[in-house]
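In what follows, a single structure is set out as structure tokens and then discussed.
The values are calculated or read from the model by the stated rules, or taken from the named source; none is laboratory data. Worth saying up front: this structure is predicted, and the values here are computed from it rather than measured. Glycine also receives a Cβ, built like all others from the backbone with ideal geometry; neighbour counts cover every protein chain displayed. Heavy atoms of the whole protein, side chains included, go into the accessibility calculation; ligands, DNA and RNA do not. Shrake-Rupley method; radii C 1.70, N 1.55, O 1.52, S 1.80 Å.
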Amino acid sequence: MTLRLFIPIDAAALAVGAEDVATAIRAAAARKNVTLEIKRTGSRGLHWLEPMVEIETPAGRVAYGPVTPGDAESLLAAMLGNGNHPLRQGVAEEIPWFKRQTRLTFARCGVVDPRSSADYRAHDGGKGIARALSLGPAATVEEVVQSGLRGRGGAGFPTGIKWRTVAQTPPQQKYIVCNADEGDSGTFADRMIMEGDPFVLIEGMAIAAFAVGASKGYVYIRSEYPHSAQAMDAAIAAARRDGLLGERIGGSDFAFDMEVRVGAGAYVCGEETSLLDSLEGKRGLVRAKPPLPAHKGLFGRPTVINNVLSFASVPIILDKGAASYRDFGMGKSRGTMPIQLAGNIKHGGLFETAFGVTLGELVDDIGGGTRSGRPVRAVQVGGPLGAYFPRALFDTPFDYEAFAARDGLIGHGGVVVFDDSVDMAKQARFAMEFCAIESCGKCTPCRVGSTRGMEVIDRIIRNEDRVANTALLEDLCNTLKFGSLCALGGFTPYPVMSALTHFPEDFGAPPTRLQAAE
Ligand SMILES: Cc1cc2nc3c(=O)[nH]c(=O)nc-3n(C[C@H](O)[C@H](O)[C@H](O)COP(=O)(O)O)c2cc1C
Ligand code: SF4
């Protein structure tokens, strides 16, 4: 009998010992003369259960986790017997945390071998580009417009409209650039796609290229993601062999190829125009807009630049049709969002669901509260430039407009949870410090204002002229918000002001005493 096992090679699983677990299980099997077939996959995204090992059974893939190398012997015995083991979680897709998701973008992640284009095709891969080729470029753009897909990198700009702009520029060399800089705190969805289902990204980029008339693409990956860069390099080579990239894709006249570029560790290089500078071999400086990258992007040519998740959502939109995607979600936030639950949270990981789920459901119900067991005090949504929300705002639905209406943002879908030991004045100071460190230096409000912001917060914390300094901080935040060239300076006020507004007690005297002191 051959046991067919599945063990992730995703960086998160490797970080908690997945490779050692695979080695220990192989050694245990050799000792028992058991024949094993281990398929390496991406992660299912139930991070508290990693390393999660699955075994194929007639009922489906049964999961065990979190497995340590020391569990190898007993696990193998269980798998050879009735399957019972203290780490048994049941059929992976029936685990309630997994089952309540709507996995469209992540449909294959954790299921397929990310190195095999054959496995990709065996799981519906390639159907999106096939339909695009049959529809033609203009109808492909229209399909993406109709799906309601908005950019998943942070700004939420409609993807189809961006593609239409590039498609309408005169025929010339055009580029497709994938933003895989993923610098937001608590985010890892791009990494999971690149390491768990890289072909879906390649297919999405190829569809974009076909739609707008581009022939060359780049994936710009942050240097902190070596596993992703390796996975993408291998997948691109496999896609060329498979015919998903190269000349005459799908038997048509369409040709497209792409390569990986690795960044050098600057948060601001995730901003699309400084990313383009970096790709061109320059220091990553934000460019003033206009011109838009869609008109004058990489090397001055029309360029589609989208986030990993935006591209990775396109193949299923083309395959199943715009309406099937648009049917999910609320308001102007259509489809699903791969939400990343992180920080001090019991059940952290990747949770893909239709827009509309509330912050409270995400944190308390799905996330199970804090890992420390202490009360949740604050949640930062949308990365380092996102607002801190208190429990009073937990009824906010996950929706671009609903978050904006409460001075927040959903950004790239990162949710970072803090318990009651957090000091929100320190968090506010950290936001200014982060801005000062990561500022590209091009505009004054951000370059100088962030350092002045740290100093003002320090004075408030030290109780020096608190009322005057709080007014000064607000004034400074407005200067950053309205005077900065890009969202690094422009959005730093969100974490700062939300901390001050929702958690004033952390900035010294409670508001009532503050008033009395005036
Ligand atoms: C400081 C800063 C950092 C950013 N970092 C990223 C990033 O890491 N990944 C990303 O996709 N978008 C990032 N963005 C947003 C991009 O500028 C741009 O909106 C995005 O790549 C467009 O793709 P989308 O429409 O698919 O979201 C960042 C923006 C700013 C201002
Ligand atoms: S806001 Fe900051 S990061 Fe953005 S252009 Fe200005 S100095 Fe550069």
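For segment 293-339, name all the residues that are free of Cβ contacts under 8 Å to residues at least 12 places away in the same chain, more than 26 Å from Trp97 (Cβ to Cβ) and not in a loop (DSSP other than H, G, I, E, B).
Of everything in segment 293-339, just one residue is free of Cβ contacts under 8 Å to residues at least 12 places away in the same chain, more than 26 Å from Trp97 (Cβ to Cβ) and not in a loop (DSSP other than H, G, I, E, B), namely Gly300.
Quick one: in segment 139-156, which of the residues that are of a type in the set (Val, Ile, Thr) and within 16 Å of ligand 1 (Cβ to nearest atom) is most open to solvent (accessible area, probe 1.4 Å)?
Taking the candidates together, the pick is Val145.
Quick one: in segment 160-188, of everything that is more than 27 Å from Arg115 (Cβ to Cβ) and β-branched (Val, Ile, Thr), which residue is surrounded by the most Cβ atoms within 10 Å (Cβ to Cβ)?
That would be Val166.
In this structure, does Leu75 turn out to be at negative phi and open to solvent by less than 10 Å² (accessible area, probe 1.4 Å)?
Criteria met by Leu75.
Need a quick list: helices (runs of 4 or more DSSP H) entirely within segment 110-149 having at least 1 residues that are touching a helix residue (DSSP H, G or I) at 6+ places or on another chain (Cβ under 6 Å) and aromatic (Phe, Trp, Tyr).
Qualifying helices (runs of 4 or more DSSP H): 117-122.
For Arg191, work out the one condition from (1) within 10 Å of ligand 1 (Cβ to nearest atom); (2) open to solvent by 10 Å² or more (accessible area, probe 1.4 Å); (3) not hydrophobic (A, V, I, L, M, F, W, C) it doesn't fulfil.
With (1) within 10 Å of ligand 1 (Cβ to nearest atom); (2) open to solvent by 10 Å² or more (accessible area, probe 1.4 Å); (3) not hydrophobic (A, V, I, L, M, F, W, C) applied to Arg191, the lone miss is (1).
Filter segment 491-504 down to the residues that are farther than 15 Å from Met454 by Cα, touching a residue at least 24 places away in the same chain (Cβ under 8 Å) and touching a helix residue (DSSP H, G or I) at 6+ places or on another chain (Cβ under 7 Å) and list them by number.
Passing the criteria: Phe491, Phe503.
Which of (1) more than 21 Å from Thr492 (Cα to Cα); (2) within 19 Å of the chain's Cα centre (by Cα) is the odd one out, the single condition Val415 does not satisfy?
The single condition Val415 does not satisfy is (1).
Which one is surrounded by the fewest Cβ atoms within 10 Å (Cβ to Cβ) among residues in segment 398-422 that are in contact with a Pro (Cβ under 8 Å, 6 or more places away or on another chain) and part of a loop (DSSP other than H, G, I, E, B)?
Filtering segment 398-422 for residues that are in contact with a Pro (Cβ under 8 Å, 6 or more places away or on another chain) and part of a loop (DSSP other than H, G, I, E, B), the one surrounded by the fewest Cβ atoms within 10 Å (Cβ to Cβ) comes out as Asp420.
Show the residue pairs meeting these rules: Cβ distance below 6 Å; 6+ apart or different chains; first residue within segment 473-490 and touching a residue at least 24 places away in the same chain (Cβ under 8 Å); second residue of a type in the set (A, V, I, L, M) and within 9 Å of ligand 1 (Cβ to nearest atom).
Going by the 6 Å Cβ cut-off, the qualifying pairs are Leu485/Val286; Cys486/Val286; Leu488/Val268.
Can you list the helices (runs of 4 or more DSSP H) found entirely within segment 423-506 that contain at least 2 residues being open to solvent by less than 40 Å² (accessible area, probe 1.4 Å) and touching a Phe, Trp or Tyr at 6+ places or on another chain (Cβ under 7 Å)?
424-438, 493-502
Filter segment 8-56 for residues that are assigned to a loop (DSSP other than H, G, I, E, B) and open to solvent by 20 Å² or more (accessible area, probe 1.4 Å) and give the result.
Across segment 8-56, the qualifying residues are Ile9, Val16, Lys32, Asn33, Val34.
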